[in-house]
Amino acid sequence: MENNKRPENMERITTTALAEKFIEEQVTELRGQIGNKKVLLALSGGVDSSVVAALLIKAIGKQLVCVHVNHGLLRKGEPEQVVEVFRNQMDANLIYVDAIDRFLDKLAGVSDPETKRKIIGKEFIEVFADEAKKLDGIEFLAQGTIYPDILESDGVKAHHNVGGLPEDLQFELVEPVKLLYKDEVRVVGKTLGLPDEMVYRQPFPGPGLGVRCTGAITRDRLEALRESDAILREEFAAAGLEGKVWQYFTVVPDYKSTGIKDNKRTFEWPAIIRAVNSIDATSASIEEIPYALLGKITNRILAEVPGINRVLYDLSPKPVATIEWE
Ligand code: XMP
């Protein structure tokens, strides 16, 4: 890849004014590069692909075709938000692909974490390629590569990795934020009018909830995970912890224990709360959640989420534990 080095004198984008200047320059450059051709983008709803989408919508409008693949492993409300923001508010050309059954059928009975990751990655490329084949006249592929991706790897990030597209589907790459750091991407996204929940959201792994529904994923346990995670996020937001804690989520392991509900014995899963602080994910410390908040979250999960009869709080830093459970 050429032009992959950030110039030493490049000013850090910290203000709206600087972001506006960057956006203006990029819009001109993108229009020059793309002309009247079409661009394809896998839009996950994460910060980077969302900012790239917003930039391209500004530059070329409906010449951008966004494909949002719902693999069934997204958090509660995420696919709806992508449709609302990009199709309804920004009037984007958005193809929504409901691939939930396709992914969950392929993952059924698979318990090895790395095999699960491989299946999710491979299936994602296949679903995306299937959609790309249906489209005519696409010449460019946009990607939300950011500068740390270039510094850390060969410039292709795991969760956006559509670089593995088949031979007959090779496009010229468009990577408008590839020289920006994450904080700069956020300022650009905010300036482009993206909602705060999208711009300031916590890191979310490419395989999504798949690595938090440990072992072989089942639909009922995945649903318990999605609901308990939504309660945790809602309560963190209400307590003002959103944006303060680096990453927080629940895990629902493939393990049951006994409980008692309405005078009957139950045999159900635990939900595990994970809330960590980190700078670059290589190490992580535990956020000290106020006890009353932990109690509130616990009571809500036990009352509202079918299949859960116990709530635990993971106190393990990284190292020795990793952030995710798989
Ligand atoms: P661990 O669990 O290794 O996670 O401490 C460190 C950070 O990486 C995220 N993570 C992933 N991100 N694909 C991704 O895009 C993955 O397969 C993956 N596994 C872990 C994790 O959420 C944390 O922020």
Testing the spin-label approximation: label points 7 Å from Cα along Cα→Cβ at residue 139 and residue 219. State their distance in nm.
4.4 nm
Compute the separation of the alpha-carbon centres of the stretch 46-107 and the stretch 197-241 and state it in Å as a whole number.
18 Å
Semi-axes, largest first, in whole Å: what does sqrt of 5 times each Cα gyration tensor eigenvalue give for the chain?
36, 23, 18
Where in the stretch 257-282 does the amide nitrogen come within less than 16 Å of the point 7 Å from the Cα of residue 244, taken along Cα to Cβ?
275-278
Round to the nearest 0.05 the FRET efficiency obtained for residue 255 and residue 91 when R0 = 41 Å and r is the Cβ-Cβ distance.
0.30
For the stretch 150-265: rounded, prolate or oblate by the Cα gyration tensor [a/c cutoff 1.5]
oblate
Under the Karplus curve 6.51 cos²θ - 1.76 cosθ + 1.60, θ = phi - 60°, whole-Hz ³J(HN,Hα) for the stretch 310-326, x wherever Gly or Pro sits
7, 10, 10, 10, 7, 9, 8, x, 10, x, 8, 7, 8, 5, 7, 8, 9
Accessible area per residue, Å², the chain with all protein chains present, probe 1.4 Å
48 Å²
Among 71, 273, 312 - extreme Cα towards positive end, dipole of the chain, charges at beta-carbon
312
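Taking the Cα centre of the stretch 85-132 as origin, sum charge times position over the Cβ atoms of Lys and Arg (+1) and Asp and Glu (-1), and report the length of that vector in debye to the nearest 20.
On the way: 7 positive and 10 negative charges, 36 e Å.
Taking the Cα centre of the stretch 85-132 as origin, the dipole is about 180 debye.
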Would you mind telling me the share, in percent, of accessible area of the stretch 258-310 contributed by carbon and sulfur at probe 1.4 angstrom?
55 percent
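Can you bin the stretch 1-131 into rounded, prolate or oblate? Criterion: square roots of the alpha carbon gyration tensor eigenvalues sorted a ≥ b ≥ c, rounded for a/c under 1.5, prolate for a/b above b/c, oblate for the rest. Mind dumping the intermediate values first?
Details: a/c = 2.12, a/b = 1.74, b/c = 1.22.
Verdict is prolate for the stretch 1-131.
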How would you classify the stretch 45-195 from its alpha-carbon gyration tensor, with a ≥ b ≥ c the square roots of the eigenvalues: rounded for a/c under 1.5, else prolate if a/b is greater than b/c, otherwise oblate?
rounded
Give me the distance in nm between label points sitting 7 Å out from Cα along the Cα-to-Cβ direction at residue 313 and residue 281, one decimal.
2.6 nm
Once ligands and nucleic acids are excluded and a 1.4 Å probe is used, how much of residue 117 is accessible, expressed in Å² to the nearest 10?
80 Å²
Which lysines, if any, have their Cα less than 17 Å from the Cα of residue 106, not counting same-chain residues under 8 positions apart?
116, 118, 122
Surrounding net charge for residue 28, when Lys and Arg each add one and Asp and Glu each subtract one, Cβ distance under 12 Å
0
Any chance you could run the full-extension gain for residue 152 through residue 84? It's 0.36 nm times the residue separation minus the Cα-Cα distance, nm to one decimal.
21.2 nm
In terms of the charge dipole of the stretch 80-142, which places +1 on Lys and Arg and -1 on Asp and Glu at the beta carbon, the residue among 125, 113, 93 farthest towards the positive end is 113
Among 10, 294, 215, whose Cα lies farthest out toward the positive end of the dipole of the chain, if unit charges sit on the beta carbon of Lys, Arg (+1) and Asp, Glu (-1)?
294
Rounded to the nearest 20 debye, dipole of the chain from Cβ charges on Lys, Arg, Asp, Glu:
700 debye
Counting Lys and Arg as +1 and Asp and Glu as -1, what is the net charge of the other residues whose Cβ lies under 15 Å from the Cβ of residue 17?
-2
How much of the accessible area of the stretch 4-152, probe 1.4 Å, is carbon plus sulfur, in whole percent?
49 percent
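The values are calculated or read from the model by the stated rules, or taken from the named source; none is laboratory data. Source: prediction; values computed, not measured. No Cβ is skipped: glycine too gets one built from the backbone with ideal geometry, and neighbour counts run over all protein chains shown. Ligands, DNA and RNA are excluded from the accessible area calculation, which covers all protein heavy atoms including side chains. Shrake-Rupley method; radii C 1.70, N 1.55, O 1.52, S 1.80 Å.
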